[in-house]
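Encoded as structure tokens, the structure appears first; notes follow it.
The values are calculated or read from the model by the stated rules, or taken from the named source; none is laboratory data. This one's a predicted model, so the numbers in the text were calculated from it and none came from an experiment. Reconstructed Cβ throughout: ideal geometry from the backbone, glycine too, with neighbour counts over all protein chains shown. Quick note on the areas: whole protein, heavy atoms, side chains included, nothing else; ligands and nucleic acids left out. Shrake-Rupley method; radii C 1.70, N 1.55, O 1.52, S 1.80 Å.
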Amino acid sequence: MKKILLIILMVMIIPFKKTQACDICGCGVGSYYIGILPEFSRKIMGLRYRYSSLRTHIGAGGAQTYLTSDEAYRTVEWWGGWNIGKKFRVMATIPYSFNERTNQGITKEKNGLGDINVSGFYQVINSKKMFKKNLLVQSLFIGGGIKIPTGKYNPADKENADQNANLFQLGTASVDYNINVMYDIRLKDIGLNINASYKMNTTNKYDYNYGNKLSANAQLYYKYRINKKILLAPNAGVLYENAAKDIDRKFKVDISGGKLCFGSLGLETSFKKISIGANWQVPLSQNLANGFVKANNKTMLHLSFSF
């Protein structure tokens, strides 16, 4: 049991060395958060829908100004996973985004392909054993990946970065890298799922560098089996994000970066090889872009097929 506690502590603490990170949402690259991954033995593919919104350029005390904008980010993602042998896993995500910004009654839209992400994982732990007459299951994956700049980036939109956070983009125009850890432990029907990632962004050809991104989440879940065919797994947890300030032409962008903590509630269901899930996140605390940005609730829905 001491070994289990040590693993949980390492997964939660190692990514939190004194670093800061993030483009919080927007830019077609939002959070790496994927929820509780459906079980699959060989291959899986499906669709995810994400919705998030925020308010930018908030005045002192939360007051609205002529610059205050409401932004909404809707993203449909195709994603797939492939288990190669018993130890390796490859995952890929292709997003298509529908971004919307409203300021003084005028709405601007950006729709299109976002940045594609490909990651590889190695399974360090895959064990099943009895613990006090109950089955104890553990799985630990570590890996890394690359984000390809397939989403459109408009450099003209960042010229007003001193007045608005440079989030309203489909992509970052940079090749970025990520380190990921996925850990799951379950005793009989109750489990804990932990994911952590650190994303290292490079400077794009327009001399703009989004701050590196750190995100981590932990969720408790319980599996209910109905007629041995349908599985229901309600879950609850927390999601943490931390953002360094962006760098524009070697100067820090004041209206960027920050910290954000969400509480989450969700439900995962599966029937044979079909999985359906939903997750709702509400901000518990936040300090984004020196208070000039406020994040609202988030929603994620997914449908996947394993084969």
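Taking R50, R74, R42 in turn, the Gaussian network model of the chain (Cα-Cα springs below 10 Å) assigns the largest fluctuation to R42. Apolar share of the accessible surface for the chain: 62 percent from carbon plus sulfur atoms, 1.4 Å probe.
The C-alpha atoms of the chain define a longest principal axis, and helix 2-13 lies at about 10 degrees to it. Computed extension gain for M45 through A156, at 0.36 nm per residue and net of the alpha carbon distance, reaches 36.3 nm. Taking the inverse of the mean 1/r over every pair of distinct Cα atoms in the stretch 245-307 gives a Kirkwood hydrodynamic radius of 14.4 Å. Across all Cα pairs in the stretch 39-95, the calculated P(r) in 10 Å bins from zero up to the longest distance comes to 20, 27, 19, 16, 13, 4 percent per bin. Within the stretch 173-307, the proportion of Cα pairs with more than 19 Å between them is 62 percent.
Values (i) 19.7, 64; (ii) 17.7, 50; (iii) 18.8, 58 are given for comparison; Rg and Dmax of the Cα atoms in Å, derived from the coordinates here, is the one labelled (i).
The length gained by stretching the chain between K128 and I106 to full extension, at 0.36 nm per residue less their Cα-Cα distance, is 2.2 nm.
Taking a point 7 Å out from the Cα of N297 in the direction of its Cβ, the residues of the stretch 36-57 whose backbone N falls within less than 16 Å of it are 50-55.
Between the alpha-carbon centres of the stretch 54-102 and the stretch 129-161 there is a gap of 13 Å. This model, with +1 at the C-beta of Lys and Arg and -1 at the C-beta of Asp and Glu, gives the chain a dipole about its Cα centre of some 1800 debye. For the peptides 92-98, 267-273, 167-173, the ranking by packing is 167-173, 92-98, 267-273, with the highest mean count of neighbouring Cβ atoms within 10 Å listed first. Calculated accessible area for the chain comes out at 50 Å² per residue, all protein chains present (probe 1.4 Å; ligands, DNA, RNA ignored). Think of the chain as having a plus end and a minus end, set by charges on the Cβ of Lys, Arg, Asp and Glu; of P149, L135, V253, L135 sits farthest toward the positive end of this dipole. Summarising the label geometry, the points placed 7 Å from Cα in the beta-carbon direction at V76 and D207 lie 3.9 nm from one another. Across the stretch 101-219, Cα-Cα distances exceeding 17 Å account for 67% of all pairs.
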